[in-house]
Amino acid sequence: MKGNHYWEVEVGEKASWALGLATEKIKESRVIPEIPENGLWIIRLCGGKKFEAVSSTVRALHGKPKKVGMYKTTKELSFYDAETRTCIHTFDIEYPGVLYPVFSPGSRDKGPLIIKKKNGKK
């Protein structure tokens, strides 16, 4: 995926989910690693309580949005509360290879993620 991209994801009242970008190595594993490593840039909600930004580190975040905007440019990945239009978190990404979007509805939570993709300028 190259260029700018924007997705809006309705997470609603789900207790667990993860959104972001991953490298091919992470994509092929089909499992989001519990221990952060290079090649993964996500925000996630765990058990309805732990809201985190995960890359090579884990950082606690505040709030619990119901709709998340995810905007990827050539050098950044930003997440927004799409209802209040406030920034949740931004990752600086310097990765020369292909990145893949991550939309995980959680393994134990039965509700869906509703994804709306809107292409940005290329």
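Here are a few things to note about the model shown:
- Selection status of Ser29, polar (S, T, N, Q) and within 18 Å of Gly12 (Cβ to Cβ): no
- Selection within segment 46-65 - open to solvent by 30 Å² or more (accessible area, probe 1.4 Å), part of a loop (DSSP other than H, G, I, E, B) and closer than 13 Å to Ala18 by Cα: Gly47, Lys64
- Restricting attention to segment 68-111, the residues that are of a type in the set (A, V, I, L, M), part of a strand (DSSP E or B) and either without any contact (Cβ under 8 Å) to a residue 60 or more places away in the chain or touching a helix residue (DSSP H, G or I) at 6+ places or on another chain (Cβ under 9 Å) (or both) total 4.
- Residues located in segment 56-84, provided they are more than 20 Å from Ala15 (Cα to Cα) and modelled with pLDDT under 90: Ser56, Thr57, Thr74
- Selection from segment 14-34 of residues that are open to solvent by 30 Å² or more (accessible area, probe 1.4 Å) and at pLDDT below 90: Glu24, Lys25, Lys27, Glu28, Ser29, Arg30, Val31, Ile32, Glu34
The values are calculated or read from the model by the stated rules, or taken from the named source; none is laboratory data. Here the structure is a predicted model, which is why all the values come from computation and not from measurement. Neighbour counts are summed over all protein chains in view; Cβ atoms, including those assigned to glycine, are modelled from backbone coordinates with ideal geometry. Please note that ligands, DNA and RNA were not included when accessible areas were found on the heavy atoms of the full protein model with its side chains. Shrake-Rupley method; radii C 1.70, N 1.55, O 1.52, S 1.80 Å.
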